[in-house]
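The values are calculated or read from the model by the stated rules, or taken from the named source; none is laboratory data. As the structure is a prediction and not an experimental result, all values here were calculated from the model. Neighbour counts are summed over all protein chains in view; Cβ atoms, including those assigned to glycine, are modelled from backbone coordinates with ideal geometry. These accessible areas exclude ligands, DNA and RNA; they are computed on the full protein's heavy atoms, side chains included. Shrake-Rupley method; radii C 1.70, N 1.55, O 1.52, S 1.80 Å.
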Amino acid sequence: MKRSRLGALDVTSIGLGSAPLGGLFAPVSDADAQATIERAWSLGVRFFDTAPLYGFGFAERRLGAFLREQPRDSYVISTKVGRLLRAPDGAHGEDEHYKGTPRERPVFDFSYDGVMRSVQESLGRLGLDRVDVLLVHDPDDHHDEAVTGAFRALQRLREDGTVKAIGAGMNQSEMLVRFAEEVPVDGFLLAGRYTLLDQGALAALFPLCQAKNIGILLGGIYNSGILANPRTGAKFNYQDADAALVERALELDALCRKHGTELKAAALQFCMAHPAVTVAVMGARNAAEVADNIAMSELAVPAAFWQELRARKLVDTRAPLPAGA
């Protein structure tokens with residue numbers, strides 16, 4: 001598998017995202033989670049992304065159960081800070097997004113001390129003595145505290161060698177632009193804002209990251225599912241997609257079929273073609289989905305497809321297309 005650089009780290013160009021392993025939208029058994037991670041490893045994936053939010057600890061525990069049996073320097077693992085897991089007072093219902101989870105629920109804390117606690121608690125769930133990448137997770141309404149608290153803690157951890165790379169993970173590009181200008185970061189995890197349906201990161205974030213050598217870990221490549229299976233009721237950005245988005249996704253799917261290829265392959269290869277993208281972080285909830293993701297990265301997408309995609313202005317004309325398009 002192709003490899004890239006994220007700061008001082010050597011990373012595979014495709015990584016495993018673990019939100020589905022935490023029960024995103026539907027429960028996942030321990031056996032399926034283990035088989036998913038094992039299949040990713042067997043196919044050459046050596047970058048793994050997780051967070052306390054994903055299944056409220058489930059994803060970290062499941063990923064750690066496999067990775068702690070592997071040579072520690074043979075993979076790169078990323079987790080996140082900004083949410084502490086705490087048991088709520090009294091009874092509570094099932095979460096809107098994560099199913100079959102433990103009782104704990106996430107509580108925002110972007111303070112310096114909160115981040116230090118978060119790191120130690122994540123290491124406990126993972127069963128590891130260190131992680132490689134730490135990202136401030138979803139500080140949308142907490143910019144100032146993230147800069148003065150969370151990022152200060154991450155810079156200290158990077159300076160003392162506890163972690164190798166720091167940054168932020170968000171579902172928007174605007175605040176990441178601000179962080180790139182304000183904080184010395186190594187990378188960002190950007191979810192859903194550079195896809196066949198949304199190229200919002202093109203104008204400002206990607207050029208700035210290229211100029212500052214900030215790597216992009218790109219998640220949400222299928223926009224929560226609509227670019228994997230376009231239909232009424234499909235998810236976009238974790239919510240039910242509106243009719244206009246479904247129509248656009250179906251148009252893209254029809255164009256793929258016209259040229260004898262798969263929408264998932266076009267979606268993934270479009271994202272990986274941008275030079276700012278370091279790792280395509282692909283979620284999966286079973287071994288078959290992992291294998292399919294890898295296959296989609298290698299499936300032939302004809303040059304004529306890319307040419308018609310551009311001619312019909314179905315993507316931003318500034319977006320680079322795969323080599324040979």
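Where both bridge residues fall in region 1-154, DSSP classifies roughly 50% of the beta bridges as antiparallel. Ranking 59, 23, 11 by Cα position along the charge dipole of region 1-88, where only Lys, Arg, Asp and Glu carry charges on their C-beta atoms, puts 11 farthest toward the positive end.
Apolar share of the accessible surface for region 1-145: 49 percent from carbon plus sulfur atoms, 1.4 Å probe. Relative to the Cα centre, the charge distribution of the chain, modelled as +1 at Lys and Arg Cβ and -1 at Asp and Glu Cβ, gives a dipole magnitude of about 740 debye.
Can you compute the charge dipole magnitude of region 183-325 about its Cα centre, using +1 on each Lys and Arg Cβ and -1 on each Asp and Glu Cβ, nothing else charged? Give it in debye, rounded to the nearest 20.
Numbers: 13 positive and 13 negative charges, 48 e Å.
Value, rounded to 20: 240 debye.
The local environment of residue 312, defined by Cβ-Cβ distances under 13 Å, has a net charge of +1 under the rule Lys, Arg +1 and Asp, Glu -1.
Which of 142, 259, 92 ends up with the largest GNM mean-square fluctuation for the chain, with Cα atoms connected below 10 Å? With Cα springs under 10 Å in the chain, the top fluctuation among 142, 259, 92 is at 92. Full extension of the chain between residue 174 and residue 229 gives 17.0 nm of extra length, using 0.36 nm per residue less the Cα-Cα distance.
Averaging sequence separations of C-alpha pairs under 8 Å and six or more residues apart, then dividing by the length of the chain, give the relative contact order as a whole percent.
On the way: 665 pairs, mean separation 58.9, N = 325.
Relative contact order of the chain: 18 percent.
Can you tell me the 0 to 90 degree angle between the C-alpha axis of helix 263-272 and the longest principal axis of the chain, rounded to 10? Tilt relative to the chain: about 60 degrees.
Could you give the distance between the Cα centres of region 7-69 and region 211-266, to the whole Å? Centre-to-centre (Cα) distance: 22 Å. For residue 136, the residues whose modelled amide H falls within less than 5 Å of its own, excluding neighbours fewer than 5 places apart on the same chain, are 81, 167, 168, 169.
In this entry, region 107-249 is assigned a mean projected area of 9.5 nm², taken as a quarter of its C-alpha convex hull surface. Think of the chain as a dipole: +1 on every Lys or Arg Cβ, -1 on every Asp or Glu Cβ, centred on the Cα centre; then among 284, 110, 256, 256 lies furthest on the positive end.
Phi angles of region 169-185 translate, via the Karplus equation with coefficients 6.51, -1.76, 1.60 and θ = phi - 60°, into HN-Hα couplings of x, 8, 9, 9, 9, 4, 6, 5, 4, 4, 5, 4, 7, 10, 10, x, 9 Hz per residue; Gly and Pro are given as x.
Return the Rg/Rh value of the chain, two decimal places, where both radii are evaluated on C-alpha atoms and Rh is the Kirkwood radius. Spell out each step's value before the answer.
Values: Rg = 18.9 Å, Rh = 19.9 Å.
In the chain, Rg relative to Rh is 0.95.
Given +1 at the Cβ of Lys and Arg, -1 at the Cβ of Asp and Glu and no other charges, the dipole of region 175-233 around its Cα centre is 180 debye to the nearest 20.
Other residues with beta-carbon under 10 Å from the beta-carbon of residue 263 carry, at +1 per Lys or Arg and -1 per Asp or Glu, a net charge of 0.
Which of the trypsin sites (Lys or Arg not before Pro) across region 275-325 are loop residues per DSSP, with 15 or fewer other Cβ within 10 Å?
Values: sites: 285, 310, 312, 313, 318; in loops: 285, 312, 313, 318.
Here the sparse-neighbourhood loop sites are 312, 313, 318.
Lysine pair count for the chain (Cα-Cα distance under 20 Å; residues 8 or more apart in sequence or on different chains): 7.
Taking the charge dipole of region 184-325 about its Cα centre, with +1 at Lys and Arg Cβ atoms and -1 at Asp and Glu Cβ atoms, the residue from 311, 221, 237 reaching farthest to the positive side is 311. Taking Cβ atoms as reference points and 13 Å as the exclusive limit, the residues near residue 18 contribute a net charge of +1, counting Lys and Arg as +1 and Asp and Glu as -1. Along the Cα-to-Cβ line of residue 140, 7 Å from the Cα, sits a label point; which residues in region 198-215 have backbone N less than 19 Å from it? Label zone hits: 198-202, 205.
The H on the amide N of residue 286, modeled in the peptide plane, is under 5 Å from the matching H of no residue at least 5 residues off or on a different chain.
Just the number, please: carbon plus sulfur as a percent of the accessible area of region 217-325, 1.4 Å probe, no ligands or DNA/RNA counted.
Percent of accessible area from carbon and sulfur atoms in region 217-325: 50.
Angle between the Cα long axis of helix 287-298 and the longest principal axis of the chain, 0 to 90 degrees, nearest 10? Result, in degrees: 50. When the GluC sites (Glu not before Pro) in region 1-74 are filtered for DSSP coil states and for at most 10 other beta-carbon atoms within 10 Å of their beta-carbon, the remaining sites are 69.
Per residue, the accessible area of region 177-287 comes to 37 Å² when a 1.4 Å probe rolls over the protein heavy atoms.
Between region 115-194 and region 287-306, the alpha-carbon centres lie 31 Å apart.
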